[in-house]
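Each remark here refers to the structure printed beneath this line.
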Amino acid sequence: MNNWKMLTLVGKDRPGIVARVTDALYQNGWNLGEASMLRLGGNFTIMLMVSGAGEVEPTLQPVAQELGLRLHVDPIEGDLHSHVVPNIQVRVVGADRAGIVAQVTGQLAEAGLNILELESDVAGSAETPIYIMGIHGYADVPVEDLQQAVSDLVDQGIDVTVSGIETLIG
Amino acid sequence: MTVLEILKAPDERLKQFSEEVEIFDDELQGFIDDLEETRQAGPGAVGIAAPQVGRLQRVIIVDVSNTKKPVPNHGYMVLINPEITEWNGFEMGREGCLSIPDYTGNVIRATDIKLKAQDRFGNPLEYEMEGFEARAIQHELDHLDGMLFIDRVVSRRTDLFQRKVYKKGASAKK
């Protein structure tokens, strides 16, 4: 079965969203694939691969409406069992300021990093926010090249750490 | 020698407790050779444990001498009835497993361990290990107690940020 769709559901967080959404999918014969579900800034966000026959909107729209979620559906190419194992980890920590993400990821992209996963948070308080970002990615170039790529930013006071990940298989 | 079949989760045998080895006979020697051949046949495995091929005995093999970046290591080790006697420090690291294809996750392990074991003929062994090799030992030892790394995976989002080198960013810069 290769009939995957990517669902995006976003709305104000409340208990029971995952249970209601996945139950509706299950009851109507949809299979779940890989997913990312996160609370971001008080919203609950779902990115979820589903596969099944026909249109998924009739199944989910009533649930979405009831829970106050916006639903978006994209047909996608791709499949399960195609993970890329990250070999690079990047951490950025610092006082929140405009442009950090663009600068760091811009340099890294140019140096050959493909981002597989990025999560970022603003910690601290409203007065003194702290920006924290973690990236897992894959690059064919040596980790030193990526470190070199962000060294100017480091000199400008952005705390960026690029390190290799050696995945242990046992 | 034979490449043995690797059990894949959710095979119940991967959740069993393995028994101590008491007889160090020719049959055991043959099994150890097969286990090593099976490890080498897998995709880049630095270790393997007997229960991964369905033999519920406390036998593991670890060899981290071939990593991309060299790490401190004791080379190829066959460890019978291994037992960690001391743990120190902890660190996050990414792991995968021959028994759980196409999945990797972050696991917290001790960074320094002391280990007692026997060699393949029953002679006593003692090691002090660190880092990646210590991680490999803990991963394989878990198999002997019916634990898989997926039982220990922690959320990537709440990753601990452990920096061993307190140098900012580009270490290439001198």
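Brief remarks on what is shown
- Whether region A:4-76 is rounded, prolate or oblate, judged on the alpha carbon gyration tensor where a/c under 1.5 counts as rounded: prolate
- B:Cys97 long-range amide H proximity, modeled H, under 5 Å: A:Gly170, B:Tyr103
- Straight-line cross-link partners of B:Lys8 among the aspartates and glutamates, defined as a Cα under 17 Å from its Cα and at least 8 positions apart when in the same chain: B:Glu95, B:Asp102, B:Glu140, B:Asp142, B:Asp145, B:Asp151.
- Computed from the C-beta positions of A:Leu118 and B:Glu86, the FRET efficiency with R₀ = 30 Å rounds to 0.20.
- Within chain B, helix-based [θ] at 222 nm, where runs of 4 or more DSSP H residues each add -39,500 (n - 2.57), nearest 500: -5500 deg cm²/dmol
- For region A:49-170, the Cα-based Rg and Dmax, in that order, read 19.1, 54 Å.
- Protection proxy ranking, highest mean first, for peptides B:43-51, A:119-127: B:43-51, A:119-127, where packing is the per-residue count of other beta-carbon atoms within 10 Å, averaged.
- Straight-distance crosslink candidates among aspartates and glutamates, where the alpha carbon sits under 16 Å from A:Lys12 and sequence neighbours closer than 8 are dropped: A:Glu66
- Global form of the protein assembly as shown, assessed from the alpha-carbon gyration tensor, a/c cut-off 1.5: oblate
We did not get these values from a lab; they are worked out from the coordinates using the rules stated. Predicted model only: the values in this text are computed from it and were never measured. No Cβ is skipped: glycine too gets one built from the backbone with ideal geometry, and neighbour counts run over all protein chains shown.
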